[in-house]
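J.: One structure, pasted below without further comment.
The values are calculated or read from the model by the stated rules, or taken from the named source; none is laboratory data. Nothing here was measured: the structure is a model prediction, and the numbers come from that model. Neighbour counts are summed over all protein chains in view; Cβ atoms, including those assigned to glycine, are modelled from backbone coordinates with ideal geometry. For the accessible areas, the whole protein counts, side chains as well, though only heavy atoms, and no ligand, DNA or RNA atoms are used. Shrake-Rupley method; radii C 1.70, N 1.55, O 1.52, S 1.80 Å.
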Amino acid sequence: MRMNNEKEEQKVVNNNEASGCDEISFEELRNVCEEYRNSAEEYKKKSEEYLKNLKSLKAEFDNYRKREMQYRESFIKSSNKDLILKLLPILDDMDNAILESKKNEVHQSFVEGAELIYRKLLNILEKEGVRKITTLGEKFDPKYHEAMMTISSPDYEDYAIVDELRKGYMLNEEVLRAAQVSVNRWDKNEKER
């Protein structure tokens, strides 16, 4: 074994002599290689750490960008919601004015003009995601309806909505304003009496 190492050492010395370099023993060469290997491993560890940090920063930035987009969408929806809530009493007033003008035989062109404006306003709001809450003939649901009064009639089912006192509206899937309704509360025991 010693013989092979001497031959290898001799080859290194011969190669160094040929290139004009100082003589390096095989042991020194091994030490230099080991140093390079250690420094390469250190650089590899550092590069892996930098890559890990870069991926982490990228993920944080992606999350930030998503949160910012959600915040902007939420802000826009909130702004629209506030404006729409301010417009709902105007819709109520227009609806009442149209109903009253039909009862009191107001000039037909006035009624048609008011209905046209009312429908245009409703169409604009529908494009923004606003829709009416259905009431008449439906079962009372406290999520969508606000009971303002109750009646007791055998003509309707228990908890059936019998009258709409004020229209309710939804914005997309959120209740903007609950519909105010009159609800039937009919106790079956009263029928038997």
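J.: Where the only charges are on Cβ atoms (+1 Lys, Arg; -1 Asp, Glu), what is the dipole of the chain about its Cα centre, to the nearest 20 debye?
T.: Values: 34 positive and 41 negative charges, 147 e Å.
The calculation lands at about 700 debye.
J.: Run the accessible area of the chain with a 1.4 Å probe and give the carbon-and-sulfur part as a rounded percent.
T.: The C+S portion of the solvent-accessible surface of the chain is 52 percent.
J.: Hey, another quick one. How many nm is it between the label spots at TYR71 and LEU85, if each spot is 7 Å from the Cα in line with the beta carbon?
T.: 2.2
J.: Shifting gears a bit: Using amide H atoms built 1.01 Å from N in the peptide plane, name the residues 5+ places from ILE133, or on other chains, whose amide H lies under 5 Å from its own.
T.: Excluding prolines and chain starts, which carry no amide H, the hits are GLY168, TYR169, MET170.
J.: In debye, nearest 20: dipole of the stretch 96-193 around its Cα centre with unit charges on the Cβ of K, R (+) and D, E (-)?
T.: 200
J.: Ok, one more. Return a whole-number percent for the relative contact order of the chain, with Cα pairs under 8 Å and 6 or more residues apart as the contact set.
T.: So the answer I get is 14 percent.
J.: Out of GLU68, GLU35, GLU128, any idea which swings most in a Gaussian network model of the chain, alpha carbons joined below 10 Å?
T.: GLU35
J.: Let me ask you something else. Out of residues 5 or more away from GLU146 or on other chains, whose amide H comes under 5 Å of its own, with H placed 1.01 Å from N in the peptide plane?
T.: Those qualifying (amide H under 5 Å, at least 5 residues apart or on another chain) are ALA179, GLN180, VAL181.
J.: Whole-Hz Karplus ³J(HN,Hα) for the stretch 115-126, in order, using 6.51 cos²θ - 1.76 cosθ + 1.60 and θ = phi - 60°, x for Gly and Pro?
T.: 5, 4, 5, 4, 5, 5, 5, 4, 4, 4, 5, 5
J.: If you compute mean projected area of the Cα convex hull in nm² for the structure shown, which of (1) 28.9; (2) 11.1; (3) 19.8 do you land on?
T.: Calculated mean projected area of the Cα convex hull in nm²: the matching label is (1).
J.: Give me the distance between the Cα centres of the stretch 42-90 and the stretch 95-149, rounded to whole Å.
T.: 39
J.: Pairs LYS102/LYS167; LYS86/LYS127; LYS77/LYS132; LYS77/LYS167; LYS77/LYS139: which exceed 26 Å Cα-Cα?
T.: Exceeds cut-off: LYS77/LYS139.
J.: Counting only residues 5 or more places away or on other chains, whose amide H sits under 5 Å from the amide H of ILE151 once H atoms are built in the peptide plane?
T.: Those lying under 5 Å, H to H, from ILE151 are VAL183, ASN184, ARG185.
J.: Once phi is turned into ³J(HN,Hα) by the Karplus curve 6.51 cos²θ - 1.76 cosθ + 1.60 with θ = phi - 60°, what whole-Hz value does each residue of the stretch 89-105 show in order, with x for glycine and proline?
T.: Values, residue by residue: x, 5, 4, 4, 4, 5, 4, 5, 5, 5, 4, 5, 5, 5, 5, 8, 6 Hz.
J.: Before anything else, pin down the relative contact order of the stretch 107-163: Cα pairs under 8 Å, at least 6 apart, normalised by residue count, whole percent.
T.: 36
J.: Compute the signed sum of charges (Lys and Arg +1, Asp and Glu -1) over the other residues within less than 12 Å, Cβ to Cβ, of LEU88. Write down the numbers at each step before the final one.
T.: Details: positive: LYS81, LYS86, LYS132, ARG166, LYS167, ARG177; negative: ASP82, ASP92, ASP93, ASP95.
Computed value for this residue: +2.
J.: Additional query: Please work out the average accessible area per residue across the chain, using the 1.4 Å probe convention, and give it in Å².
T.: Accessible area per residue: 79 Å².
J.: Considering only the chain, what is the antiparallel percent among its DSSP beta bridges, to the nearest 5? Each step should come with its number before you reach the end.
T.: Working: 11 of 17 bridges.
Once the DSSP bridges in the chain are tallied, antiparallel ones form about 65 percent.
J.: Could you please report the charge total around LYS120, scoring K, R as +1 and D, E as -1 over all other residues with beta-carbon less than 15 angstrom from its beta-carbon?
T.: That works out to -3.
J.: Name the residue farthest towards the positive end of the dipole of the stretch 109-176 from the options GLY168, MET148, GLY113, assuming +1 on Cβ of Lys and Arg, -1 on Cβ of Asp and Glu, about the Cα centre.
T.: GLY113
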